[in-house]
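One structure below.
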Amino acid sequence: MLAIRSARLFDGVADQLCARPLVLVDQGRISGVDLTGAGPPEGAELVDLGEATLLPGLIDSHTHLVLDASSDPVGHLADVDDDALLADCRAAAQAALAAGITTVRDLGDRRFVTLRLREELAAYPTQGPQLLVSGPPITTPGGHCWFLGGEAAGIEGVREAVRALAARGVDGLAVTGHAHGAQGIAEAVAAGFDGIEHGLSLTAEGVRQDPAVVDQLAARGVVVSVTGAQNQPLGQPPPGMEPGSDLARRFEALAKQMEQFVAAVLRLRAAGVPLTMSSDAGIGPHKPHDVLPWGPGLASMTGFTTAEALRMVTSVAADACRVGDRKGRIAPGYDADLLAVDGDPLADPAAVREVVAVFRAGQRVR
Ligand SMILES: [Zn+2]
């Protein structure tokens, strides 16, 4: 048994931190959280993290391990075979875990490479986060992310694609839709999707959010995964992005509408739509696979409370990924996926980037 002592604890849910917690870990799970100030139980190994704050390991609900976070990730992908790609994914997963990201939902695979990695990491949990994988995303012929191999046409084609993914053993059959556009969001909600990725409500005339769609998202508890984490101030291009490149053009178009996006997200929040902060890691130099810890700081700058911002990458993200009974909280019975940081992340969410220790399934990896 392990007994982890720290100065403070964010349990993944509460608006306040607990002082002087002692978190007990047994066989990879949290067996108790003692707030009485008592010493460790007999026989337990004490890990004293001093002035650190303990949080649940972070959960990134939207990443792409197969994209390399270069300025041309799609071009790079076309050049690598599956074994080389698996090695890249392995490195990306390791980087994520080192930053305290202990669960990753991968939403865009090529030829099921992430399933191979998922099996590896299940056997060697200290080598990466727990992976929840979608396989290649289903898309219309020539549609968003078609190059990942998930094209399907017509109702029967989509049914067949879903069956094929299920047969390969992808995680869960919840459906989340990559939807930037207002029309796509409206159709996904009408079709009963469980989640929406990006959720920007773009139209040809700019951001146009339909209040009726917002109400439906809220009423049905459809989670919107705001892929906002990036290692740059909002709207600023990352260094190394080649001017005139496809990515740069898209980035500039989005940057111009940043204020409207933020307003749209705040309207979702006001309506009670569950929101996660995720990354879309891999799609460019501003989104490496360890970028999620930037997310809470950005969220709090745009009007979320710091506790809300932290829930968006812990308990709410866990619920969105349907692992809310095991992940995203520090409580008895939960997986001992933990992040310890220097400072008080409720006072300053940038503190989540000051990593002191990371535990994955009860084993210290950093
Ligand atoms: Zn994506």
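The values are calculated or read from the model by the stated rules, or taken from the named source; none is laboratory data. It should be emphasised that the depicted structure is a prediction, and the values quoted were computed from it without experimental measurement. A quick note on method: Cβ atoms are made from the backbone with ideal geometry, for glycine too, and the neighbour counts reach across all protein chains shown. Surface accessibility is based on the protein's heavy atoms, side chains included, excluding ligands, DNA and RNA. Shrake-Rupley method; radii C 1.70, N 1.55, O 1.52, S 1.80 Å.
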Report task. Would you mind computing, in nm to one decimal, how far apart the modelled labels at Glu51 and Ala167 are, each placed 7 Å from Cα along Cα→Cβ? Result -> 5.9
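Work out the length of the dipole vector of the range 27-101 about its Cα centre, built from +1 on the beta-carbon of each Lys and Arg and -1 on the beta-carbon of each Asp and Glu, and round it to the nearest 20 debye. Write out the running numbers ahead of the final one.
Numbers: 2 positive and 13 negative charges, 60 e Å.
The dipole magnitude comes to about 280 debye.
How long is the gain from Asp83 to Gln257 if the chain were fully straight, where each residue apart is worth 0.36 nm and the alpha carbon distance is subtracted?
Values: separation 174, 0.36 × 174 = 62.64 nm, distance 3.94 nm.
Residue separation times 0.36 nm, minus the Cα-Cα distance, leaves 58.7 nm.
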Report summary line: Magnitude of the Cβ-charge dipole (Lys and Arg +1, Asp and Glu -1) of the chain about the Cα centre, nearest 20 debye, reported as 440
**Report entry** Calculated from backbone phi, Karplus (6.51, -1.76, 1.60) coupling profile of the range 34-50 in Hz, x at Gly/Pro
**Finding:** 9, 10, 8, x, 5, x, x, x, 4, x, 7, 8, 8, 10, 9, 9, x
Report summary line: Expected vector for the range 180-189, Karplus 3J(HN,Hα) from phi with 6.51, -1.76, 1.60 and θ = phi - 60°, integer Hz, x for Gly and Pro, equals 8, x, 4, 5, x, 5, 4, 5, 5, 5
Report task. With label points built 7 Å along Cα→Cβ from the Cα atoms of Met301 and Val74, find their separation and express it in nm. Result -> 2.8
Report task. Would you mind estimating how fast the range 149-268 diffuses translationally, via Stokes-Einstein at 20 °C and 1.002 mPa s with the Kirkwood radius over Cα pairs, in µm²/s? Result -> 132
Query raised in the report: Of all accessible surface on the chain at a 1.4 Å probe, what whole percent is carbon and sulfur?
Result: 53
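Go through the range 144-227 and name the chymotrypsin sites (Phe, Trp or Tyr not before Pro) that are in a DSSP coil and have 10 or fewer other Cβ atoms within 10 Å of their Cβ. All intermediate terms of the calculation are to be shown ahead of the outcome.
Details: sites: Trp146, Phe147, Phe193; in loops: Phe193.
Answer by residue number: there is no such site.
Which percentage, to the nearest 5, of the DSSP beta bridges contained in the chain is antiparallel? Please list the in-between numbers first.
Working: 24 of 51 bridges.
Percentage antiparallel, nearest 5: 45.
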Requested in this report: Taking the Cα centre of the range 263-366 as origin, work out the dipole magnitude from +1 charges on Lys and Arg Cβ and -1 charges on Asp and Glu Cβ, in debye rounded to 20.
Outcome: 260
Requested in this report: Take every DSSP beta bridge whose two residues both sit in the range 118-266, then give the antiparallel share in percent to the nearest 5.
Outcome: 20
Requested in this report: Quick one: which residues, 5+ away or cross-chain, put their amide H under 5 Å from the amide H of Thr227? H built at 1.01 Å from N.
Outcome: His198, Ser278
Report summary line: Between Asp215 and Arg159, the FRET efficiency computed from the C-beta separation at R0 = 35 Å comes out, to the nearest 0.05, as 0.75
Query raised in the report: Which of Gly128, Ala87, Gly177 sits closest to the plus end of the dipole of the range 79-178, meaning its Cα is farthest towards the positive end, when Lys and Arg get +1 and Asp and Glu get -1 on the C-beta?
Result: Gly177
Query raised in the report: For the range 197-270, which trypsin sites (Lys or Arg not before Pro) are in a loop by DSSP, counting at most 12 other Cβ atoms within 10 Å?
Result: none
